[in-house]
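Structure, as structure tokens:
The values are calculated or read from the model by the stated rules, or taken from the named source; none is laboratory data. Remember, predicted model here, so these are calculated numbers, not experimental data. Keep in mind that these areas ignore ligands, DNA and RNA; they rest on the heavy atoms of the full protein, side chains included. Shrake-Rupley method; radii C 1.70, N 1.55, O 1.52, S 1.80 Å.
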Amino acid sequence: PVGFQDRMKVILSINLACGYGVERCVTTATSLFNKYKNGEITELPAELKTTIFNTVLSVTPVTDEVKENWEFLWEKFLNSQQATEKVVIYYALGLIRDEETLLRFARDCLDETKVRQGDALYILGTSIPRTKIGREVSWRFMKENWASMTEESTENLFGFDVYVSGVLEDFSDEATLAEIREFFSDKMDTLGSGQRHTMEPCSPLWGTSPGWRNIGPAWRCMLTGSWV
């Protein structure tokens, strides 16, 4: 029988191959997914489910089939009662390279009839920003919805840490850094008077070039009031 370490090496190799778009791997993953979607098989190999889901939703260009696959997994997410399965699915859902679908996903995360409030910030911070288009959509969505989001979730500072850091940490240009600094310059009050902190102790973290590397730490400093 194949040992555990050998099995893990095989799984890792498959994950890397599909991640790099190796045709045979992508074709096999897509074939398995289609059988699953069409009811020819009732379950996918548990250790390959993440790779398969990620692969079929990462395909570009985004065709109608890719969007249909997204809709299928979204319905699976909504109907699943298994927390681990929902995590696997929502990570994959953020990989589609379609702005309209990602915006809809972000909006639906704020709908408590579809996504638990306790999960929404984690999905918004760890799923949608995983691609370049996802980061751009997420940043725009954050700016447009900050007021309503903070009004409803002022006590969930850990969730906001995950959300904001996840959206901002991979931006790598000074123009965006300046935009981020300006946006957050007056936003701490929106997290509630009990959590209000001055930005002054955090100023060394914003800094100058390559200041974008400090976005995550600077945000956390703004929450705690200390950068030490």
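Could you tell me what percent of the accessible area of segment 1-93 is made up of carbon and sulfur, with a 1.4 Å probe and every protein chain present? Show your work: numbers first, answer last.
Details: 3200 of 5740 Å².
C and S atoms contribute 56 percent here.
Counting only heavy atoms of the protein chains, get the accessible area per residue of segment 58-121 (1.4 Å probe) and round it to a whole Å² value. Don't skip to the end; give the middle numbers.
Values: 3410 Å² over 64 residues.
Ligands and nucleic acids excluded, the figure is 53 Å² per residue.
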